[in-house]
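Below: one structure, written as structure tokens.
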Amino acid sequence: MKVLWLCNNAPGVVRSALSGKQESQVNWLDHVLQDLLNQGITLRILYRGSGVPGQIDGRCSYAPVPETPAHIYRTELEEEFRQQLRTFQPDVIHSWGVEYHHALAMVNAAEKEGMLPRMAASIQGLCCRIAPHYTDGIPASALRSRTIRDIMRHDSILAQQKQYTQRGELEIEALRKLTHVIGRTDWDQANALNINPNITYHHCDETLRDVFYTDQWAYSRCRKHRIFASSCAYPVKGFHILLEALAIVRKEYPDTEIAVTGRSFLAGDIKSLARQNGYEKYLRHLVKRNRLDGAVHFLGHLSAQDMKQAYLDANVFVLCSTMENSPNALGEAMLLGLPCVAAEVGGVSSLIGSQEGILCAPVNPAAMAEGICRVFSMENQAEAMGAAARTRARKTHDPEQNMKDLMDIYRLLSGKER
């Protein structure tokens, strides 16, 4: 069977082939890719980025798709994709996500080539549903504020929200044309069918990065009262809500700290201030206002192994997003048995229940703080909750079952059912 993948980013194995050295920043698609090749599939990967077309082995080739603004549709990409389809002649076309303009271009190309019935798109995030929640919890004064960097780049928090809205419009157009979609939560299923009642929805859970299937969190080995958050990069990840919650938690547990991936928004040198965006400026304001200096630690960009260690070091993982579908970071934390506090948004409740973690009201620092304090008060008894989360996650993210489900979908699309 010949399968064409359209990816938002190059899998690690492709980046390794392009650079000629082992890539440490593997992503979850690498796990799926290897499992798929083990099934005897011939795979063609189109990815958003740069580089030259190449081949990993006799059954896996790749080529870049020019990286242009995600919210601006490029009609000329349709012809490029039509040529790829004519040359490769895939049995199945699989777009990983619909939130970039190239997904619609592939839908249109497949339609013109008469291949649309054999195409499916996996729902990752849904910009059309995220956009209304992009600025939740941020005051109007911060939304109006722009930094030097924002002015020079014609960017701001509100401009980013507008781009999400534009991406959502392209996303809706793609979903209304597609005949098949792949999802994994009650939320994405409901939204897909709301947008296109005639679409065929296939359930297939997500396989995560290899390293998270080994090791288990233990209270005795963690840093007490350390919160781990996976991102503070943009507003929908809700880090501003977590900072407000931290100020509340520290009234009861004064030594509480946050470890978060990414670069520091607190550096006060001229270079750092010059590249600071409006959201980072607001986060910096919250740290100063709530006297949280020294309580936020930035871990930079982490390899999968270092990310795993960051989970194991923490006392609790907090998902503070204003909207999510099926966040991989929550799945990774659960696989390791780390106690989790999660805002009950989007598809989160399809991944974790009250027995496996603590769900709290969204955009509510007080509710989030209460959940964090509950975990801290459990001390070593939190291991039982973490173990329940691990048991559930090992079913949700079971590589063998997920590959079986994906292959069943591919056979159906290709007409090569057993």
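The values are calculated or read from the model by the stated rules, or taken from the named source; none is laboratory data. Everything numeric in this text was worked out from a predicted model, so none of it was measured. We place every Cβ from the backbone using ideal geometry, glycine too, and count neighbours over all the protein chains shown. Ligands, DNA and RNA are excluded from the accessible area calculation, which covers all protein heavy atoms including side chains. Shrake-Rupley method; radii C 1.70, N 1.55, O 1.52, S 1.80 Å.
Summing Lys, Arg as +1 and Asp, Glu as -1, what charge do residues with Cβ under 11 Å from the Cβ of residue 129 carry, residue 129 excluded?
-4
Can you tell me what share of the DSSP beta bridges in segment 29-130 is antiparallel? A percent to the nearest 5 is fine.
Antiparallel bridges make up about 25 percent of those DSSP assigns within segment 29-130.
Counting alpha carbon pairs within less than 8 Å and at least 6 residues apart, what relative contact order, in whole percent, applies to segment 126-169?
63
In degrees between 0 and 90, to the nearest 10, how far off the longest principal axis of the chain does helix 239-252 point, with axes built from Cα atoms?
Once rounded, the angle reads 30 degrees.
Leaving out ligands and nucleic acids, note down the accessible area per residue over the chain with a 1.4 angstrom probe, in whole Å².
41
Would you mind checking 251/281; 237/288; 21/177; 308/404; 2/395 for any pair whose Cα atoms are more than 30 angstrom apart?
21/177
Only bridges whose two residues both fall in segment 209-300 count here: according to DSSP, what percent of them are antiparallel, nearest 5?
Here the antiparallel bridges make up roughly 10 percent for segment 209-300.
Please work out how much length the chain gains when fully extended from residue 251 to residue 234, using 0.36 nm per residue of separation minus the C-alpha to C-alpha distance, in nm with one decimal.
3.4 nm
Distance from the Cα centre of segment 231-296 to that of segment 318-384, in angstrom?
20
Among bridges DSSP assigns within the chain, what percent are antiparallel (round to 5)?
10
Under the definition of Cα pairs under 8 Å and six or more residues apart, what whole-number percent is the relative contact order of the chain?
Across the chain, relative contact order equals 16 percent.
Contour minus end-to-end for residue 148 and residue 394, with contour as 0.36 nm per residue of separation and end-to-end as the Cα-Cα distance?
Difference between extended and current length: 84.0 nm.
Out of residues 5 or more away from residue 182 or on other chains, whose amide H comes under 5 Å of its own, with H placed 1.01 Å from N in the peptide plane?
The answer is 121, 122, 123, 202.
Calculate what fraction, in whole %, of the accessible area of segment 254-402 sits on carbon and sulfur atoms when a 1.4 Å probe is rolled over the protein chains.
Carbon and sulfur: 47 percent of the exposed surface of segment 254-402.
Run the 1.4 Å probe and let me know the accessible area of residue 296, rounded to the nearest 10 Å².
10
Given the DSSP H assignment, sum -39500 (n - 2.57) over each helix run of at least 4 residues in the chain and divide by its residue total; what's the result at 222 nm in deg cm²/dmol, nearest 500?
The helix-only estimate for the chain comes to -13000 deg cm²/dmol at 222 nm.
With an 8 Å cut-off on Cα pairs and a minimum separation of 6 or more residues, tell me the relative contact order of segment 87-232 in percent.
Computed value for segment 87-232: 24 percent relative contact order.
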